[in-house]
Amino acid sequence: AAEQIVFTSGCTEALNLAIRGSLFRGDEVLCSHAEHNAVMRVLKGLEQQGEITVRVAEPDSRGLLSPEALRQATTPKTALCVLNHASNVTGVVQPVRELADALRPMGIPVLVDAAQTAGILPVSLKKLGADMIALPGHKGLLGPSGIGAVLLSPAFAAQLEPLIAGGTGSASDQEELP
């Protein structure tokens, strides 16, 4: 649905929106060992400000995460898991669906960074079992630079906090953001 897609200036903004818009002070974020700086700099910045705690799941010798490794790395404070679908350094493609399925019983939402895979591998909320997917327009989708998007599950479409407040072109008679 249109309400589940937020267009952004690129994948970095999409990741920022998904991360910053879904976390609260005291939350813990679990991520893979191979996150791009577009994720790690946001997470580490929030951690240095005392907003969140970051935990990194350890891969096997091939660079792959296992469902068990993710489950072992979680705590009761884990509020989000960020997974790099494919590494821009090694090319390793994570088994995101298996990983997301392992976290679902614990109620831990999954954000997928599909910067390297959108347009190359099948990428959808349903296919990956993800709650949010951030993607750029200029790589595998062959669009122009300066565009991206975050795809949101219905639950996140209803609860994600915006990064920027201001004009929306709607509800102009209200001072609050619709």
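The values are calculated or read from the model by the stated rules, or taken from the named source; none is laboratory data. Since the model is a prediction, treat every value here as computed from it, not as a measurement. When we count neighbours, we look across all protein chains shown, and the Cβ atoms used for this are built from the backbone with ideal geometry, even at glycine. Each accessible area value is taken on the protein alone, full model and side chains, heavy atoms only, with ligands, DNA and RNA left out. Shrake-Rupley method; radii C 1.70, N 1.55, O 1.52, S 1.80 Å.
Kindly state, to the nearest 0.05, the FRET efficiency for Glu58 paired with Glu175, given R0 = 41 Å and r defined as their beta-carbon distance.
Numbers: r = 48 Å, r/R0 = 1.18.
The pair Glu58/Glu175 has a calculated efficiency of 0.25.
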Label point distance in nm, Leu142-Met106, each placed 7 Å from Cα along Cα→Cβ
4.0 nm
Using Cα centres only, tell me the gap between segment 13-72 and segment 125-140 in whole Å.
17 Å
How large is the dipole of segment 11-55 about the Cα centre if only Lys and Arg carry +1 and Asp and Glu carry -1, each at its Cβ, rounded to the nearest 20 debye?
60 debye
Counting only DSSP beta bridges with both partners in segment 64-178, the antiparallel fraction in percent, to the nearest 5, comes to 45 percent
Of Val42, Gly166, Gly119, farthest towards positive along the dipole that unit charges on Lys, Arg, Asp, Glu beta carbons give segment 30-178
Gly119
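For the chain, with only Lys/Arg (+1) and Asp/Glu (-1) charged at the beta-carbon, what is the dipole magnitude about the Cα centre, in debye rounded to 20?
Working: 13 positive and 18 negative charges, 105 e Å.
Dipole magnitude for the chain comes out near 500 debye.
Carbon-plus-sulfur fraction of the accessible area of segment 1-110, 1.4 Å probe, in percent? Before the final figure, lay out each step's value.
Numbers: 2770 of 5400 Å².
Carbon plus sulfur share of accessible area: 51 percent.
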Given Cβ point charges of +1 (Lys, Arg) and -1 (Asp, Glu) and nothing else, what value in debye, to the nearest 20, does the dipole of segment 90-156 about its Cα centre take?
120 debye
Can you tell me the FRET efficiency between Thr90 and Lys44 if r is taken as the Cβ-Cβ distance and R0 is 25 Å, rounded to the nearest 0.05?
0.75
Of Ala14, Pro154, Asn84, whose Cα points farthest to the positive end of the dipole of the chain (charges on the beta-carbon: +1 Lys, Arg; -1 Asp, Glu; origin at the Cα centre)?
Asn84
Of the labelled options [x] 26, 24, 19; [y] 26, 20, 15; [z] 36, 19, 13, which one gives semi-axes √(5λ) of the Cα gyration tensor in Å as computed for this structure?
[y]
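How much accessible area per residue does the chain have, in Å², with a 1.4 Å probe?
Numbers: 9220 Å² over 178 residues.
Computed with neighbouring chains in place, this is 52 Å² per residue.
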